[in-house]
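The values are calculated or read from the model by the stated rules, or taken from the named source; none is laboratory data. Values in this document were obtained by computation on a predicted structure and should not be read as measured data. Virtual Cβ from ideal backbone geometry, glycine too; neighbours counted across all protein chains shown.
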Amino acid sequence: MDRATFERELGEILGLAYGYAVRLNSGDHEAAEDLLQEASISAFRGRDSFTVGTNFKAWFFKILTNAFYRRAGKKEVQTVSIDADPEPYLYLQAREVGIAGADDPAEILFNKIDTAEVKQALDNLPSEFREVSALYFTGEMSYEEISDTLNIPVGTVRSRLHRARKLLQVALWDLAVSRGIVEAVSYA
């Protein structure tokens, strides 16, 4: 791949890549910029290994993810128990406290929470869930692209994204309670 093609391809995904780098670094913009620069240099040096006609975004995000792993060292997998929470946790909690809406009471709640707080909740997810969520929501990648980027099966991508959503529901509900948007549900 020649330099001009590389720069064009990278330019088209740079915003998404930066957003993903920020999520990987738990919201640290300076670290994200350094990581993105490191990955860009690495990708440029290895641009001849890219197969023209394949997915440049997935190829670059894999380089970005590997650069993050190199910086962080081998990650320790955090385990999180999510089985105690019912499936549509946020929806059920919103209904329980009487937030009524046409179709989705949780949507009313989301409209009362700042975007920055939602991003912080994403940043606080355990790393394996944060990576998948960042690639899906921020990187706008398909399950298959995430699978290729992280070298994990598509089923694992689906599972981690499902669990990340459950964890986010609990975190956002707790945020709404702590900010006084809603009152805590008492099951006494």
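Which of the residues that make up region 124-150 are under 8 Å from the mean Cα position of the chain (by Cα) and either surrounded by fewer than 19 Cβ atoms within 10 Å (Cβ to Cβ) or not small (Gly, Ala, Ser) (or both)?
129, 130, 131, 132, 135, 136, 137, 138
Quick check on region 27-72: of everything there that is more than 14 Å from residue 147 (Cα to Cα) and of a type in the set (Lys, Arg), which residue is surrounded by the fewest Cβ atoms within 10 Å (Cβ to Cβ)?
45
Would a scan of region 81-95 turn up a residue that is at pLDDT 80 or above and either surrounded by 15 or more Cβ atoms within 10 Å (Cβ to Cβ) or in a helix (DSSP H, G or I) (or both)?
To start, the set of residues in region 81-95 that are at pLDDT 80 or above comprises none.
Within region 81-95, none of the residues are at pLDDT 80 or above and either surrounded by 15 or more Cβ atoms within 10 Å (Cβ to Cβ) or in a helix (DSSP H, G or I) (or both).
Can you tell me how many residues within region 138-163 are free of Cβ contacts under 8 Å to residues at least 40 places away in the same chain and either farther than 20 Å from residue 69 by Cβ or aliphatic (A, V, I, L, M) (or both)?
12
Which condition from (1) at positive phi; (2) part of a helix (DSSP H, G or I); (3) not β-branched (Val, Ile, Thr) is the one that residue 167 breaks?
(1)
Six or more apart or on different chains, Cβ atoms under 6 Å: show the pairs whose first residue is in region 119-134 and not assigned by TED's automatic domain parsing to the domain that holds residue 17 and at pLDDT 85 or above and whose second is buried (at least 17 other Cβ atoms within 10 Å of the Cβ) and among the small types (Gly, Ala, Ser).
Listed by first residue and then by second, the contacts come to 125/164; 129/164; 133/164.
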